[in-house]
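Presented below is the structure to which this report refers.
The values are calculated or read from the model by the stated rules, or taken from the named source; none is laboratory data. Only a predicted model underlies this, so the values are computations on that prediction, with no experimental measurement involved. Cβ atoms come from the backbone with ideal geometry, glycine included; neighbour counts cover every protein chain shown. Note: areas computed on protein heavy atoms with side chains; ligands, DNA, RNA excluded. Shrake-Rupley method; radii C 1.70, N 1.55, O 1.52, S 1.80 Å.
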Amino acid sequence: MVTVNQNYLKLPGSYLFSNIAKKVSAYKEANPEFKDSVISLGIGDVTQPLAPAIIDALHKSVDEMAHAETFHGYAPDLGYEFLRSAIAKNDYQSRGCDISADEIFVSDGAKSDSGNIQEIFGLDNKVAVCDPVYPVYVDTNVMAGRTGLYNKERENFDGVIYMPCKEENGFLPEIPADEVPDLIYLCFPNNPTGGAITKAALQEWVDYANKNGCVIIYDAAYEAYISEEDVPHSIYECEGARTCAIELRSFSKNAGFTGVRLGFTVVPKELVRDGVELHSLWARRHGTKFNGAPYIVQRAGEAVYSPEGKVQLKEQIAYYMRNAKTILEGLSAAGFSVSGGKNAPYIWLKTPDQMTSWEFFDYLLEKAHIVGTPGSGFGAHGEGYFRLTAFGSYENTLEAIERIKNL
Ligand code: PLP
């Protein structure tokens with residue numbers, strides 16, 4: 001008789017964004033007069049079109065596919081050399097990070113990589129995550145069987161070390177006091193809080209990981225939004241990170257590839273645990289289960305690093321960050337307690353009048369026709385908070401903030 005993976009049954013029901021979508025469509029159905037005025041600052045998807053340099057690269061590579069002499073079939077499963085070299089040079093070597101092209105594994109995005117990376121580690125490893133957190137890190141460890149059951153009272157999983165990110169600690173995780181984790185997931189700039197970590201603070205994590213033999217899985221999907229000097233763009237800016245950290249990156253938020261799909265993972269060759277190079281394990285895993293990101297998409301990724309691409313994408317980021325500033329300043333003037341929005345496209349606000357995250361969601365939807373994301377959807381310590389994104393259009397963002405101010 002077929003049995004199922006019982007670990008999947010530990011996961012509580014429906015996904016945050018489908019709950020939100022259901023609530024919004026129910027509201028629109030019940031209030032058709034407001035149907036067209038609903039503004040979403042909820043989901044973390046981009047809205048600006050692909051930059052011209054990227055479109056040009058796509059057109060050119062699509063044309064190559066039309067001729068036998070320039071046609072490309074299966075891509076090398078670790079990524080084309082032209083893209084891996086561009087990444088190594090622009091994202092790492094130019095910042096003084098000692099990362100080479102053959103330590104980069106090209107993929108279809110950071111969601112897959114952040115979900116799959118746990119496969120190369122034993123099931124007995126103890127996982128530490130921030131709370132609130134991007135849910136993929138926890139859910140994929142649950143599916144693999146690296147956690148206990150869901151604890152309804154605490155609203156999280158047994159057997160996972162949660163590192164609360166609260167107002168008191170500047171929404172930054174603290175090194176666990178009671179127990180040493182094996183795998184530590186860190187995401188900076190952070191989704192959902194929009195918080196960033198300084199190089200000095202990240203260095204403490206790197207030192208801790210090296211001292212205790214932990215591995216840090218560092219998700220830098222929002223690196224392009226960093227505006228402050230002392231915020232590192234990569235964990236490899238810290239001394240010793242090559243022996244304790246894996247870094248995940250995405251082309252989704254820096255270049256609008258959410259629908260195009262491209263990302264990469266960096267596994268330094270010096271990263272050895274249990275007597276094994278993690279680089280060789282990830283190469284084995286990637287080569288077995290992934291048949292390479294499409295040629296045309298990797299050419300589009302290469303264009304991100306072209307001189308024109310760089311200029312155009314800088315403008316795109318500036319567009320979103322103007323939204324972030326509008327939200328941050330507007331809400332702060334309206335008396336809300338807000339954070340984030342300086343090095344990330346997310347603004348994290350404290351719900352007013354002791355409202356729960358979902359109560360504030362309903363309130364904003366009904367009174368201002370604005371959709372955001374309840375902080376409790378990202379973990380127990382997200383309760384009482386709310387996430388707004390800077391990914392909308394400037395006009396909608398301005399309008400949304402006016403409506404909130406007038407509440
Ligand atoms: N990591 C974080 C922290 C994210 O917020 C997201 C998407 O929202 C991803 C990874 C997924 O990125 P990708 O589109 O490359 O799969």
Quick check: anything in the range 42-63 under 30 Å from ILE327 (Cα atoms), of a type in the set (Gly, Ala, Ser), touching a strand residue (DSSP E or B) at 6+ places or on another chain (Cβ under 9 Å) and open to solvent by less than 90 Å² (accessible area, probe 1.4 Å)?
yes
So for the range 191-202 (the condition being closer than 16 Å to TYR92 by Cβ and either of a type in the set (A, V, I, L, M, F, W, C) or open to solvent by 10 Å² or more (accessible area, probe 1.4 Å) (or both)), does at least one residue qualify?
yes
HIS369 meets each of (1) more than 29 Å from PRO232 (Cβ to Cβ); (2) touching a Phe, Trp or Tyr at 6+ places or on another chain (Cβ under 7 Å); (3) open to solvent by less than 10 Å² (accessible area, probe 1.4 Å) with one exception, condition (3)
Filter the range 252-266 down to the residues that are near the ligand (Cβ under 9 Å from one of its atoms), open to solvent by 10 Å² or more (accessible area, probe 1.4 Å) and either assigned to a loop (DSSP other than H, G, I, E, B) or within 13 Å of SER114 (Cα to Cα) (or both) and list them by number.
ARG261
Checking THR198, THR193 in turn, the sole residue that is within 21 Å of LYS111 (Cα to Cα) and touching a residue at least 12 places away in the same chain (Cβ under 8 Å) turns out to be THR193
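Of the residues that sit in the range 215-251 and are assigned to a helix (DSSP H, G or I) and open to solvent by 10 Å² or more (accessible area, probe 1.4 Å), which one is nearest to GLN312 (Cα to Cα)? Don't jump to the end; show me each part of the working.
Looking only at the range 215-251, we keep the residues that are assigned to a helix (DSSP H, G or I), and these are 223-225, 235-237, 241-243.
Filter again for open to solvent by 10 Å² or more (accessible area, probe 1.4 Å), leaving 223-224, 236-237, 242-243.
Numbers: GLU223: 17, ALA224: 13, TYR236: 26, GLU237: 26, ARG242: 32, THR243: 35 Å.
Here the residue is ALA224.
Out of ALA68, ALA75, ALA53, which single residue is within 25 Å of the chain's Cα centre (by Cα) and of a type in the set (A, V, I, L, M, F, W, C)?
ALA53
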Within the range 306-340, which residues are out of contact with any Phe, Trp or Tyr (no Cβ under 8 Å at 6 or more places or on another chain) and more than 22 Å from LEU50 (Cα to Cα)?
LYS325, ILE327, LEU328, GLU329, GLY330, LEU331, SER332, ALA333, ALA334, GLY335, PHE336, SER337
Residues satisfying the stated conditions in the range 11-29, i.e. modelled with pLDDT of 85 or more and part of a loop (DSSP other than H, G, I, E, B):
LEU11, PRO12
Tell me whether the range 113-127 contains one or more residues that are open to solvent by less than 10 Å² (accessible area, probe 1.4 Å) and over 14 Å from LEU183 (Cα atoms).
yes
The number of residues in the range 372-407 that are over 30 Å from ASP139 (Cβ atoms), open to solvent by less than 70 Å² (accessible area, probe 1.4 Å) and not in a helix (DSSP H, G or I) is 1
Which numbered condition VAL142 fails, given (1) open to solvent by less than 10 Å² (accessible area, probe 1.4 Å); (2) within 14 Å of the ligand (Cβ to nearest atom):
(2)
Note down all Cβ pairs under 6 Å where the first residue falls in the range 24-36 and is surrounded by 10 or more Cβ atoms within 10 Å (Cβ to Cβ), the second is not in a helix (DSSP H, G or I), and they're at least six residues apart or on different chains.
VAL24/VAL371; PHE34/HIS369
Would you mind stating whether TYR74 is hydroxyl-bearing (Ser, Thr, Tyr) and open to solvent by 20 Å² or more (accessible area, probe 1.4 Å)?
yes
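Yes or no, residue by residue, for (1) among the polar types (S, T, N, Q); (2) assigned to a loop (DSSP other than H, G, I, E, B); (3) under 19 Å from the mean Cα position of the chain (by Cα); (4) farther than 25 Å from THR243 by Cβ:
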site	(1), (2), (3), (4)
ASP98	no, yes, no, no
SER114	yes, no, yes, no
ILE117	no, no, yes, no
VAL138	no, no, yes, yes
MET143	no, no, no, yes
THR147	yes, yes, no, yes
GLU153	no, yes, no, yes
TYR162	no, no, yes, yes
Would it be correct to say that ALA300 is open to solvent by less than 10 Å² (accessible area, probe 1.4 Å) and at pLDDT 95 or above?
yes
Taking the conditions exactly as written (away from the ligand (no atom under 13 Å from the Cβ), modelled with pLDDT of 95 or more and of a type outside the set (S, T, N, Q)), does TYR236 satisfy them or not?
yes
Checked against (1) farther than 24 Å from TYR346 by Cα; (2) open to solvent by 10 Å² or more (accessible area, probe 1.4 Å); (3) without any contact (Cβ under 8 Å) to a residue 60 or more places away in the chain, PRO181 satisfies every condition except (2)
